[in-house]
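These notes are about the structure you will find just below.
The values are calculated or read from the model by the stated rules, or taken from the named source; none is laboratory data. Because the structure is a prediction, the values reported are computed rather than measured. Cβ placement follows ideal geometry from the backbone for every residue including glycine, while neighbour counts extend to all protein chains displayed.
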Amino acid sequence: MSMHPHVRSWIVLASLTAAVAAAAAAPLAAQQPTAAAKPGDKAKPTMTMDTTKSKTDSARAATAAAGLPEGYRARTDRGAPLTSVKVATMAPGVHVTTGPATILWREQDRVNGRFHTLATFHQTKKPAHPEAYGMFFGGDALNGEGQKYTYFLVRGDGKFLIKRRDGAGTTNVTPDWTAHPAIKQQDAEGKATNKLEIDAKASSDKVRFSVNGQTVHEMDQKDAELNGIVGLRVNHNLDLHVEGFDIHRL
């Protein structure tokens, strides 16, 4: 049976009126005075948010909840949550998908003195713009506010960069992003494979940074902190497979 147009209009109007009345009542109720406390009443505890928790605690909690492979730990830049970082053991190596820039490490990868480390990185998807990946060494206090490490990165436009992190700040070892023909640039699908090496073992006074077997930079060992953890760094929004990550100690 069809409804008369006037009846239908009345129902719609009534519904709108009721909705407006309910919306108006809410703020009025919120403005009602709170009943005064009676003598002898116990004060109810007030809940407050603890804003003093350090970023270090947040980083530790996020690491524990991230579901990393056994032995791995992670930290994002600026305390970003690890919920969008995925790390999975996948032969041969590990597969890493990032949201925020992230470092990954294992306590067993700590070195004391000269060493050589290497890993091959397969970029599998095209990022919105060139993003970097690579390795770090000299890692110390990685879960603390005083974190320190030196990192060696390449990116899809064929450039590399070496930097130091000290707490929240960073300084360049190389002047800026520098192009080098040894670095494989990403193709139209965003794919590229690059093998990175940091060698502080072959020479007694130099640290050599290589890509695909070619040295792209050298620095004096006296200017580098060799002792500490060796690990991986993957910047924003990348999908990578890392294989052959290894460390050769003196």
So which residues in region 186-201 are out of contact with any Lys or Arg (no Cβ under 7 Å at 6 or more places or on another chain) and either farther than 14 Å from residue 162 by Cα or surrounded by fewer than 16 Cβ atoms within 10 Å (Cβ to Cβ) (or both), if there are any at all?
187, 188, 191, 195
From the set of residues in region 71-99 that are in contact with a helix residue (DSSP H, G or I) (Cβ under 8 Å, 6 or more places away or on another chain) and surrounded by 19 or more Cβ atoms within 10 Å (Cβ to Cβ), which is modelled with the lowest pLDDT?
82
Suppose we keep only residues that are buried (at least 16 other Cβ atoms within 10 Å of the Cβ) and under 16 Å from residue 160 (Cα atoms) within region 123-136. Which one would you say is modelled with the lowest pLDDT?
130
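Could you grab me the full set of residues in region 166-191 that are part of a loop (DSSP other than H, G, I, E, B), touching a Gly at 6+ places or on another chain (Cβ under 6 Å) and without any contact (Cβ under 8 Å) to a residue 40 or more places away in the chain?
167, 183, 185
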Among the residues of region 209-225, is any under 24 Å from the mean Cα position of the chain (by Cα) and surrounded by fewer than 19 Cβ atoms within 10 Å (Cβ to Cβ)?
yes
Hey, among 205, 246, which residue is within 19 Å of residue 96 (Cα to Cα), loosely packed, with under 14 Cβ neighbours inside 10 Å and either aliphatic (A, V, I, L, M) or touching a residue at least 12 places away in the same chain (Cβ under 8 Å) (or both)?
246
As an exercise: evaluate residue 163 against (1) at pLDDT below 95; (2) assigned to a strand (DSSP E or B) and give the number of the one condition it does not meet.
(1)
What single numbered condition from (1) under 19 Å from residue 223 (Cα atoms); (2) without any contact (Cβ under 8 Å) to a residue 60 or more places away in the chain fails to hold for residue 198?
(2)
